[in-house]
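The values are calculated or read from the model by the stated rules, or taken from the named source; none is laboratory data. Because the structure is a prediction, the values reported are computed rather than measured. Virtual Cβ from ideal backbone geometry, glycine too; neighbours counted across all protein chains shown. These accessible areas exclude ligands, DNA and RNA; they are computed on the full protein's heavy atoms, side chains included. Shrake-Rupley method; radii C 1.70, N 1.55, O 1.52, S 1.80 Å.
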Amino acid sequence: MALLQIAEPGQSAAPHQRKIGVGIDLGTTNSLVSTVKSGEANTLADEFGQHLLPSVVQYSKESVVVGSKALAASNTDPVNTIVSVKRFMGRSLKDVTAHWQNLPYQFKADSQNPIFQTAGGDVNPVQVSSQILSALKERAEASLADEITGAVITVPAYFDDAQRQGTKDAAQLAGINVLRLLNEPTAAAIAYGLDSKEEGVIGVYDLGGGTFDISVLRLNKGVFEVLATGGNSALGGDDFDHALVEYVIRELNLDIEIQKRYHRDLMNAAKQTKQNLTDADSSAFVVDLSDGQQLNLNITKDTFNQIIESLVASTIAACKRTLKDADVTIDEVNNIVMVGGSTRVPVVREKVAAFFNKTPLTSIDPDKVVAVGAGIQADILVGNNPDSDMLLLDVLPLSLGLETMGGLVEKIIPRNTTIPVAKAQEFTTFKDGQTAMMVHVLQGERELVDDCRSLAKFSLQGLPPMTAGAAHIRVTFQVDADGLLNVTAMEKSTGVQAEIQVKPSYGLEETEIMEMLKSSMQNAKQDMQARMHKEQQVEASRVLEAMYSALAEDGNELLSEAERKVIDDALNQLAQDAQNADTETIKKSIENVDQLTQDFAARRMDKSIQLALSGQSVDDI
Amino acid sequence: MNYFSLYNLPEQFEVDLDKLKQNYQTLQKMTHPDRFANASDQQKRLTMQKNAQVNDAYTVLKSPIARAEHLLQLRGLELASEQETVGNVEFLMQQMEWRESLEDANDVASLQLLAKQSDDDIQAQTQALSALLATQTDEDNKTAAEKLREMKFLFKFKSEIESKLDGLDA
């Protein structure tokens, strides 16, 4: 975690102490980083003036190369050059190979997770993504000539828990303090919403290379409330290319041999043709063959539109469903925002305009709009904009449920529930003396376990032995503002906190992350220790600062003398420890204060809520 | 947790929805994790729990069924985990009839007619429920719980009509 400066609540840091928050769009094809300078969010360019960083990483024995150089190598060195790694995040090897048959990579065979065997060693999707994030972090720090405090990283709204966790792990590995994971369409809405001081309902139509999202938001006095989100995590502009290649194969009667051999060239030609047809009425689809011959077919705009018609129609159907989920009619939608490179395709714009009965907004570059929105949010979260009214209320994109008898899924938290959210569910034992039980957590909308995504299986252990059905185990599912799940459990009659071992189905264990983090750090163990010590000291002074001001405000009113003394003693101890003690002691001392001040903190919060709702403004408290 | 007092609303079935919405925004601005991005871990934890309650309470107070259920729960009648089923034979007979008409309805017009009937019925039941909850007697609370069970049927029926309508639409 980065070191934070401390300012009195309500007081902004002095200008020269301005903290730097960046927004990162970690895209399938390209990635970007942005920040707010002089009140305006802009994406940052590399030393050659390029804003888009191709999301490509090449591993060789000597080095790791990220970006356009790596992209250039993807044809000549496909095995060691990882392209579009975002598709593999939080996925099992089985998922990956079932989805994409022609991948050029060498996957480690005995692993459940996809692990790329490269000239630079074995790497997983989290590590590959962390290289892209590191490159963006370096770019930002070089361009701003300062260290960044934290980052808001965007993810597709439709990303499930495993994919979100993977993204966050990658950031941790890159040494980035994640302020928030933000849904891409929500980020786009911020970029447009703050721009135009919009009020009312807006739809965000986000068609990227590999994913499609549609979100419906309500804007009211700076509050962005996501009403519903939907889409298809396996539909994007790449599918347009695919459909065009299929068409060319049929028209030219290409045999399987040619199809296989020229797969990459066919896809590239399709992409080029698609892009040409944005402005032209027709374009030649050309592939040079090694024998000097050439595949050449003229594609008109009308033909292309027909080829992709059903794909576009399926995005419109998703828009319709999502409007219904949001309980909003087409007429109530004030504006529709276009995000993602694939929304440049004219027929996409036409169909979206026709469905929503209004011209879509395209004034912000669809490639940059997500990063810009993330930058604005990051600036607010680091505390540069204390007067901002902006608040984002996002939703859980996919329902969370549990496996029940017969391989069925029982929904615990339905999709489109505003997050953070906590829901408890009670279980009981079915055998006498049972001391453990298995819980299987799933995400998705289908009824069968096999059709949903397995997030985690864990066992509740150390249950007190009782007769069957007597134990009441309360399992609490908590989803935080990043859309990440956390599970806790307790046996109610005895108060025994059951031990939970969450084993992510597809992803990395905390210990694996720590291992990677350690091995990725070139500095010695001492540096690590020094850094941790410093972090604890900073945390201690932060806790002290917060408690002193809290006590000054409410200490007399909300605490008895005895209670006050206990807290004062603990704070004095912490102040001493922060100066003199070792890391572990400071940590314990912070925990002690934390424990002893919990009730006080809760009382303060309730008091301020009561005051606010009884008509006083928040500032008066 | 009393959701009415969290939202500073009177503990009754009738809710001022504008006030609810307004207080929702105020509570969000006070408890959302984004407002505590730089706070201590303790504060983060505390506000996240509070914010989750704010969200859950809003969902509950918005919906007539969930609101009535919460109100009964505050009065000591737990419906969520109960095994009790609807005992009103007349009601069940009527439900069966309606289900048959839903099966027979295959065009938009007849489905819309059913939807209208179902809406009227829900409205009538909601009024009855409201009156029962207002008296606060044990007996009326029990009858209200019975009404609530019936209303769950009605809402389920309504959503089945809607999904059949959607199917025709597509």
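Data table
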{"quantity": "Every residue from the range B:105-164 that is more than 19 Å from B:ARG67 (Cβ to Cβ), open to solvent by 70 Å² or more (accessible area, probe 1.4 Å) and basic (Lys, Arg)", "calculated": "B:LYS116"}
{"quantity": "Pair list, Cβ < 6 Å and 6+ apart or interchain, from the range A:408-426 residues that are within 13 Å of chain B (Cβ to nearest Cβ) to residues that are part of a loop (DSSP other than H, G, I, E, B) and surrounded by fewer than 18 Cβ atoms within 10 Å (Cβ to Cβ)", "calculated": "A:GLU426/A:HIS472"}
{"quantity": "Within the range A:350-384, tally of residues that are under 23 Å from the mean Cα position of the chain (by Cα) and open to solvent by 40 Å² or more (accessible area, probe 1.4 Å)", "calculated": "3"}
{"quantity": "Boolean, A:ALA317 is modelled with pLDDT of 90 or more, over 26 Å from the mean Cα position of the chain (by Cα) and of a type in the set (Gly, Ala, Ser)", "calculated": "no"}
{"quantity": "Checklist (1) in contact with a helix residue (DSSP H, G or I) (Cβ under 8 Å, 6 or more places away or on another chain); (2) facing chain A (nearest Cβ under 10 Å); (3) over 20 Å from A:LYS607 (Cα atoms) applied to B:ARG99, failing item", "calculated": "(2)"}
{"quantity": "Matching option when the condition is at pLDDT 90 or above, away from chain A (no Cβ under 11 Å) and in a loop (DSSP other than H, G, I, E, B), among B:VAL86, B:VAL60, B:VAL15", "calculated": "B:VAL15"}
{"quantity": "Output for the range A:254-272, where each listed residue is surrounded by fewer than 19 Cβ atoms within 10 Å (Cβ to Cβ) and either of a type in the set (A, V, I, L, M) or modelled with pLDDT of 90 or more (or both)", "calculated": "A:LEU254, A:ILE256, A:ILE258, A:MET267, A:LYS271, A:GLN272"}
{"quantity": "Hits in the range A:296-318 - residues which are touching a helix residue (DSSP H, G or I) at 6+ places or on another chain (Cβ under 6 Å), hydrophobic (A, V, I, L, M, F, W, C) and in contact (Cβ under 8 Å) with a residue 40 or more places away in the chain", "calculated": "A:LEU297, A:ILE299, A:ILE307, A:ILE308, A:LEU311"}
{"quantity": "Cβ pairs under 9 Å, 6+ apart, first in the range A:101-115 and closer than 17 Å to A:LEU455 by Cα and modelled with pLDDT of 85 or more, second of a type in the set (Lys, Arg) and surrounded by 19 or more Cβ atoms within 10 Å (Cβ to Cβ)", "calculated": "A:ASN113/A:ARG91; A:PRO114/A:ARG91"}
{"quantity": "Counted residues, the range A:87-108 - those being in a helix (DSSP H, G or I) and open to solvent by less than 30 Å² (accessible area, probe 1.4 Å)", "calculated": "3"}
{"quantity": "Test: A:GLU403 is modelled with pLDDT under 90, part of a strand (DSSP E or B), more than 14 Å from every other protein chain (Cβ to nearest Cβ) and open to solvent by 30 Å² or more (accessible area, probe 1.4 Å)", "calculated": "yes"}
{"quantity": "Qualifying positions in the range B:21-46 - within 7 Å of chain A (Cβ to nearest Cβ), in a helix (DSSP H, G or I) and closer than 15 Å to A:ALA422 by Cβ", "calculated": "B:PRO33, B:LEU46"}
{"quantity": "Residue within the range A:67-76 that is assigned to a loop (DSSP other than H, G, I, E, B), at pLDDT 85 or above and open to solvent by less than 40 Å² (accessible area, probe 1.4 Å) present", "calculated": "yes"}
{"quantity": "Any hit, the range A:24-33, residues being touching a residue at least 12 places away in the same chain (Cβ under 8 Å) and farther than 24 Å from A:ALA157 by Cβ", "calculated": "no"}
{"quantity": "Close pairs from the range A:479-492: first without any contact (Cβ under 8 Å) to a residue 24 or more places away in the chain and more than 10 Å from chain B (Cβ to nearest Cβ), partner outside any strand (DSSP E or B) and surrounded by 22 or more Cβ atoms within 10 Å (Cβ to Cβ), Cβ under 7 Å, at least 6 apart", "calculated": "A:MET490/A:ALA498"}
{"quantity": "Inter-residue pairs, beta-carbon under 9 Å, first among the aromatic types (Phe, Trp, Tyr) and in the range A:273-295, second open to solvent by 60 Å² or more (accessible area, probe 1.4 Å), 6+ apart", "calculated": "A:PHE285/A:GLN272; A:PHE285/A:ASN296; A:PHE285/A:ASN298"}
{"quantity": "Residue in the range A:222-234 that is nearest to B:ASN55 (Cα to Cα), counting only those that are in contact with a helix residue (DSSP H, G or I) (Cβ under 7 Å, 6 or more places away or on another chain) and open to solvent by less than 30 Å² (accessible area, probe 1.4 Å)", "calculated": "A:VAL226"}
{"quantity": "Yes/no for A:VAL395 being crowded, with 20+ Cβ neighbours inside 10 Å and in contact with a Cys (Cβ under 9 Å, 6 or more places away or on another chain)", "calculated": "no"}
{"quantity": "A:ALA188 vs. criteria surrounded by fewer than 24 Cβ atoms within 10 Å (Cβ to Cβ) and either within 16 Å of the chain's Cα centre (by Cα) or of a type outside the set (Asp, Glu) (or both)", "calculated": "no"}
{"quantity": "Flag for A:ALA270 being closer than 30 Å to A:LEU103 by Cα, within 14 Å of another protein chain (Cβ to nearest Cβ), under 38 Å from the mean Cα position of the chain (by Cα) and assigned to a helix (DSSP H, G or I)", "calculated": "no"}
{"quantity": "Looking only at the range B:67-76, and only at residues there that are part of a helix (DSSP H, G or I) and open to solvent by 30 Å² or more (accessible area, probe 1.4 Å), the one that is farthest from the other protein chains (Cβ to nearest Cβ)", "calculated": "B:LEU74"}
{"quantity": "Pairs, first under 17 Å from B:TYR3 (Cα atoms) in the range B:36-54, second among the hydroxyl-bearing types (Ser, Thr, Tyr), C-beta under 7 Å, six or more apart", "calculated": "B:THR47/B:THR31; B:LYS50/B:THR31; B:ASN51/B:THR31; B:VAL54/B:THR31"}
{"quantity": "Options A:ALA550, A:ALA578: the member that is away from chain B (no Cβ under 12 Å), in contact (Cβ under 8 Å) with a residue 40 or more places away in the chain, in a helix (DSSP H, G or I) and surrounded by 15 or more Cβ atoms within 10 Å (Cβ to Cβ)", "calculated": "A:ALA578"}
{"quantity": "Strands (runs of 3 or more DSSP E) fully within the range A:157-234 counting 2 or more residues that are farther than 17 Å from A:ILE376 by Cβ", "calculated": "A:200-207, A:212-220, A:223-232"}
{"quantity": "Complete set of residues in the range A:136-156 that are in a helix (DSSP H, G or I) and open to solvent by less than 30 Å² (accessible area, probe 1.4 Å)", "calculated": "A:LEU136, A:ARG139, A:ALA140"}
{"quantity": "Which listed residue, of A:SER589, A:SER608, is in a helix (DSSP H, G or I), over 16 Å from A:ARG542 (Cα atoms) and touching a residue at least 12 places away in the same chain (Cβ under 8 Å)", "calculated": "A:SER608"}
{"quantity": "Matching option when the condition is at pLDDT 90 or above, closer than 30 Å to B:VAL60 by Cα and in contact with a Phe, Trp or Tyr (Cβ under 9 Å, 6 or more places away or on another chain), among A:VAL369, A:VAL395, A:VAL439, A:VAL421", "calculated": "A:VAL421"}
